[in-house]
Amino acid sequence: MSDISQLEQQILGDISAATDETALEAVRVAALGKSGSVSALLKTLGTMTPDERKQQGPLINGLKERVTEALGARREVLKHAALDARLNTETVDVTLPVRESPAEAGRIHPISQVTDELTAIFADMGFAVAEGPDIETDDLNFTKLNIPEGHPAREMHDTFFFNPKPDGSRLLLRTHTSPVQIRTMMSQKPPIRVIIPGRTYRVDSDQTHTPMFHQVEGLVIDKGSHLGHLKWILEEFLKAFFEVDAVKMRFRPSFFPFTEPSLEADIQCRFDKNEVRIGEGDKWLEILGCGMVHPNVLRNCGLDPDEYQGFAWGLGIDRIAMLKYGMPDLRPFFEADMRWLSHYGFRALDLPTLAGGLSS
């Protein structure tokens with residue numbers, strides 16, 4: 001009994017004398033570890049007679065419990081002391097600005113922003129959004145769009161082709177979003193009113209061209225659609241997108257295999273130093289191509305051109321983003337430079353709406 005009491009006093013004294021958690025852990029190991037003093041007493045129980053075990057067992061187990069409780073209590077005291085020491089030595093400069101949260105620091109890429117703006121404008125006119133795959137067949141990308149084999153327009157597209165299949169056919173990276181027009185006309189019955197934003201690919205790279213770029217096309221198929229409807233839609237879109245009260249447009253005859261007649265649209269503008277002012281001045285800037293859907297395209301999609309007619313248009317999302325937000329070079333769009341994105345990007349929660357302002 002006296003030996004157990006003396007051991008307890010010694011261990012409790014060592015616990016009280018521990019000045020940090022490292023020293024306290026050393027005391028715990030010396031007492032309760034595999035070779036500790038209390039553990040050694042517990043091992044002697046197996047060699048005792050039943051009467052001795054009955055007498056010594058409660059004393060030794062009681063010692064273990066009291067040591068364990070003392071260790072726990074001391075550990076809490078040391079933790080609080082360590083925390084107080086840190087608080088006394090560490091300081092916070094309350095004049096520093098609060099670090100921005102991810103939602104505030106993150107930026108929406110201008111391409112994503114402009115795509116959302118386009119969607120908001122055309123949704124207000126009753127247009128749905130149609131999508132399709134980036135990898136297309138030659139038939140959907142060219143043939144059904146009235147661009148047969150050997151047509152010179154194929155050479156203008158600088159197409160990325162995949163390796164030929166055993167049957168000689170080749171898949172390709174779509175050169176425009178027009179294959180989605182074909183997919184839509186083949187899968188839906190008129191009336192059709194859709195816009196088609198998406199990535200397109202051509203072998204081209206300079207200050208204003210990249211091998212991968214973004215387009216948005218529009219398609220309307222109905223029994224009574226005509227060029228007057230097309231002109232009104234484009235004028236309303238450009239006024240809403242560039243956030244001006246009025247725009248002047250002029251249409252010039254052009255050629256696209258999939259439209260007849262085909263037109264190119266120019267918009268009135270003024271060049272002010274390094275900026276383009278839309279809706280004012282005496283200059284003209286080509287903005288998009290458009291036209292009435294060619295009867296052959298309608299036939300290829302299973303529609304009767306004597307019953308249905310429609311119009312379509314297309315423009316580059318990257319290009320109108322540059323015009324609206326004053327970006328001089330297209331290449332930084334794809335360089336993932338956080339400095340550029342923090343300057344030209346948009347706050348994640350500032351969703352474009354016609355009522356609240358597209359780019360507010």
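Residues checked against (1) open to solvent by 70 Å² or more (accessible area, probe 1.4 Å); (2) modelled with pLDDT under 85; (3) not in a helix (DSSP H, G or I):
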| residue | (1), (2), (3) |
| --- | --- |
| LEU298 | no, no, no |
| GLU307 | yes, no, yes |
| PHE311 | no, no, yes |
| GLY314 | no, no, yes |
| ASP318 | no, no, no |
| ALA321 | no, no, no |
| TRP340 | no, no, no |
| HIS343 | yes, no, no |
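Identify the single condition in (1) within 26 Å of the chain's Cα centre (by Cα); (2) open to solvent by less than 60 Å² (accessible area, probe 1.4 Å); (3) of a type in the set (Asp, Glu) that GLU243 does not satisfy, given that it satisfies every other one.
The failed condition is (2).
From (1) under 26 Å from PHE122 (Cα atoms); (2) modelled with pLDDT under 95; (3) surrounded by fewer than 21 Cβ atoms within 10 Å (Cβ to Cβ), pick out the condition that doesn't hold for GLU149.
(1)
For the range 1-66, list the helices (runs of 4 or more DSSP H) that sit wholly inside it and hold at least 1 residues that are touching an Asp or Glu at 6+ places or on another chain (Cβ under 8 Å); which are they? Please lay out each step first, then the result.
Values: elements: 2-17, 21-32, 37-44.
Output list reads 21-32.
Does LEU303 count as in a loop (DSSP other than H, G, I, E, B), open to solvent by less than 40 Å² (accessible area, probe 1.4 Å) and farther than 26 Å from THR200 by Cα? First the steps, then the outcome.
On the way: in a loop (DSSP other than H, G, I, E, B): yes; open to solvent by less than 40 Å² (accessible area, probe 1.4 Å): yes; farther than 26 Å from THR200 by Cα: yes.
For LEU303, the condition - in a loop (DSSP other than H, G, I, E, B), open to solvent by less than 40 Å² (accessible area, probe 1.4 Å) and farther than 26 Å from THR200 by Cα - is met.
Name the residues in the range 246-259 that are open to solvent by 90 Å² or more (accessible area, probe 1.4 Å) and either within 13 Å of GLY289 (Cβ to Cβ) or without any contact (Cβ under 8 Å) to a residue 24 or more places away in the chain (or both), would you? Explain how you work it out, then say what you get.
At the first step, the residues of the range 246-259 found to be open to solvent by 90 Å² or more (accessible area, probe 1.4 Å) are 248, 250, 253, 255.
Passing the criteria: PRO253, PHE255.
Tell me, yes or no, whether the range 140-150 has at least one residue that is more than 28 Å from the chain's Cα centre (by Cα), part of a helix (DSSP H, G or I) and closer than 29 Å to LEU323 by Cβ. Step through it out loud before you land on a result.
The first filter runs over the range 140-150 and keeps only residues more than 28 Å from the chain's Cα centre (by Cα), leaving 140, 142-150.
With part of a helix (DSSP H, G or I) added as a condition, the list becomes 140, 143-145.
Of the ones still in play, those that are also closer than 29 Å to LEU323 by Cβ are 145.
Yes, the range 140-150 contains a residue that is more than 28 Å from the chain's Cα centre (by Cα), part of a helix (DSSP H, G or I) and closer than 29 Å to LEU323 by Cβ.
Inspect all residues belonging to the range 59-70 and state whether any of them is of a type in the set (Lys, Arg), open to solvent by 50 Å² or more (accessible area, probe 1.4 Å) and within 24 Å of ALA17 (Cα to Cα).
At the first step, the residues of the range 59-70 found to be of a type in the set (Lys, Arg) are 64, 66.
Right, trim to open to solvent by 50 Å² or more (accessible area, probe 1.4 Å) and you get 64, 66.
Next cut, within 24 Å of ALA17 (Cα to Cα) only: 64, 66.
Looking for residues that are of a type in the set (Lys, Arg), open to solvent by 50 Å² or more (accessible area, probe 1.4 Å) and within 24 Å of ALA17 (Cα to Cα), one finds at least one in the range 59-70, hence yes.
What are the residue pairs meeting all of these: first residue in the range 203-230, first residue more than 20 Å from TRP313 (Cβ to Cβ) and at pLDDT below 95, second residue open to solvent by less than 50 Å² (accessible area, probe 1.4 Å) and hydroxyl-bearing (Ser, Thr, Tyr), Cβ atoms under 6 Å, and 6 or more apart or on different chains?
Hits for this filter: MET212/TYR201.
Of everything in the range 246-283, what is of a type in the set (Phe, Trp, Tyr) and at pLDDT 90 or above? Give them in sequence order. Write out each step before concluding.
Kept after step one, since they are of a type in the set (Phe, Trp, Tyr), are these residues of the range 246-283: 251, 255-256, 258, 271.
Those that are of a type in the set (Phe, Trp, Tyr) and at pLDDT 90 or above: PHE251, PHE255, PHE256, PHE258.
One residue is enough: does the range 73-92 have a residue meeting the conditions open to solvent by less than 40 Å² (accessible area, probe 1.4 Å) and farther than 30 Å from ASP329 by Cβ?
First, the residues of the range 73-92 that are open to solvent by less than 40 Å² (accessible area, probe 1.4 Å): 78.
Then keep just the ones that are farther than 30 Å from ASP329 by Cβ; that gives 78.
The answer is yes, given that some residue of the range 73-92 is open to solvent by less than 40 Å² (accessible area, probe 1.4 Å) and farther than 30 Å from ASP329 by Cβ.
Search the range 185-206 for residues being among the hydrophobic types (A, V, I, L, M, F, W, C) and more than 16 Å from ASP124 (Cα to Cα), and hand back the single one that is nearest to the chain's Cα centre (by Cα). Break it down into steps so the answer makes sense when it comes.
Quick first cut of the range 185-206, residues among the hydrophobic types (A, V, I, L, M, F, W, C) only: 185-186, 192, 194-196, 203.
Checking which are more than 16 Å from ASP124 (Cα to Cα) leaves us with 185-186, 203.
On the way: MET185: 30, MET186: 31, VAL203: 26 Å.
Looking at residues that are among the hydrophobic types (A, V, I, L, M, F, W, C) and more than 16 Å from ASP124 (Cα to Cα), I get VAL203.
Quick check on the range 21-58: of everything there that is of a type in the set (D, E, K, R) and closer than 23 Å to ARG75 by Cβ, which residue is surrounded by the most Cβ atoms within 10 Å (Cβ to Cβ)?
As a first pass, look at the range 21-58 and keep what is of a type in the set (D, E, K, R): 21, 25, 28, 34, 43, 51-54.
Next, only the ones that are closer than 23 Å to ARG75 by Cβ stay: 21, 25, 28, 34.
Numbers: GLU21: 14, GLU25: 14, ARG28: 22, LYS34: 7.
My answer is ARG28.
The values are calculated or read from the model by the stated rules, or taken from the named source; none is laboratory data. Treat the numbers as computed from the prediction; the structure is a model and nothing was measured. Positions of Cβ are backbone-derived with ideal geometry, glycine not excepted, and every protein chain shown enters the neighbour counts. Only protein heavy atoms, including side chains, enter the accessible area calculation; ligands, DNA and RNA are left aside. Shrake-Rupley method; radii C 1.70, N 1.55, O 1.52, S 1.80 Å.
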